[in-house]
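A.B. asks: Following this message is one structure expressed as structure tokens.
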Amino acid sequence: PQPPPGDDWHGLVAQLSLTGMARQLAQHCELAELGEGVVRLRLAPLHKHLLGKAQQDKLQSELQSRLGRPLRLEIDVAEPATETPAERSRNAQRERQEKAVASIEQDPFVRDVVDLFDASIDESTIKPI
């Protein structure tokens, strides 16, 4: 069977009641196949340290519960072809940070203060809200 669009995995991961390393494992995987009796995921070699038996068992159990059927979890260690939930979250955070920095830098009051006092903006102190 063909994998559903990547968004389906992102939504499913968000619904799973996982914590700790099992949650990290799910967030760093890409859905490769969702069949009747199997869920095949792809995990980047960089994150293969997340492949503990306990984490895989928890993830498999939670997927069975959420999907309402018995299934086998298989995880291949290979570079994902699409954005994983963890990457999407990291990219969204980076975009929010960039927008916050741009907003501060473009603010007329801030620009006036920077010009008046020959100041600079410490971007590391800007936090998006």
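A.B. asks: Hey, if we sort 8, 118 by accessible area with the 1.4 Å probe, largest down, what's the order?
C.D. replies: Ranked list, largest accessible area first: 118, 8.
A.B. asks: Give the long-range amide H neighbours of residue 76: residues separated by 5 or more places, or on another chain, with amide H under 5 Å away, using H modelled in the peptide plane at 1.01 Å from N.
C.D. replies: 41, 42, 43
A.B. asks: So what J values fall out for region 15-32 if you push phi through Karplus, 6.51 cos²θ - 1.76 cosθ + 1.60 with θ = phi - 60°, rounded to Hz, Gly and Pro as x?
C.D. replies: 8, 6, 8, 10, 9, x, 5, 5, 5, 4, 4, 4, 5, 9, 9, 10, 6, 9
A.B. asks: With a Förster radius of 35 Å, plug the Cβ-Cβ distance of residue 101 and residue 66 into 1/(1 + (r/R0)^6) and report the FRET value to the nearest 0.05.
C.D. replies: Rounded to the nearest 0.05, the efficiency is 0.40.
A.B. asks: For residue 15 and residue 127, FRET efficiency with R0 = 41 Å and r from the beta-carbon atoms, rounded to 0.05?
C.D. replies: Between residue 127 and residue 15 the formula returns 0.90.
A.B. asks: Give me the percent of accessible area attributable to carbon and sulfur for region 39-115, probe 1.4 angstrom.
C.D. replies: So the carbon and sulfur contribution to the accessible surface is 50 percent.
A.B. asks: Regarding region 54-98, what whole-number volume in Å³ per residue does the convex hull of its Cα atoms give?
C.D. replies: Hull volume normalised by residue count: 117 Å³.
A.B. asks: Of all beta bridges DSSP finds with both residues in the chain, what is the antiparallel percent, to the nearest 5?
C.D. replies: Rounded to the nearest five, the antiparallel share is 45 percent.
A.B. asks: Per DSSP helix of 4 or more residues, -39500 (n - 2.57); summed, then divided by the residues of the chain. What does that give at 222 nm, rounded to the nearest 500?
C.D. replies: Rounded to the nearest 500, the figure is -16000 deg cm²/dmol.
A.B. asks: To the nearest 10 degrees, how steeply does helix 85-106 sit against the main Cα axis of the chain, on a 0 to 90 scale?
C.D. replies: Taking Cα atoms only, the helix is inclined about 10 degrees.
A.B. asks: Please report, to one decimal in angstroms, the Kirkwood hydrodynamic radius of the chain built from all distinct Cα-Cα pairs.
C.D. replies: Mean inverse Cα-Cα distance, inverted, gives 17.0 Å.
A.B. asks: Tell me the per residue accessible area of the chain using a 1.4 Å probe; a whole number in Å² is fine.
C.D. replies: Averaged over the residues of the chain, the accessible area is 64 Å².
A.B. asks: Which one of 16, 73, 116 has the biggest mean-square fluctuation once the chain is modelled by GNM with Cα springs under 10 Å?
C.D. replies: With Cα springs under 10 Å in the chain, the top fluctuation among 16, 73, 116 is at 116.
The values are calculated or read from the model by the stated rules, or taken from the named source; none is laboratory data. Bear in mind that the values here come from a model prediction, so they are computed numbers and not experimental data. We place every Cβ from the backbone using ideal geometry, glycine too, and count neighbours over all the protein chains shown. When the accessible area is computed, the model is the full protein with side chains, heavy atoms only, and any ligands, DNA or RNA have been set aside. Shrake-Rupley method; radii C 1.70, N 1.55, O 1.52, S 1.80 Å.
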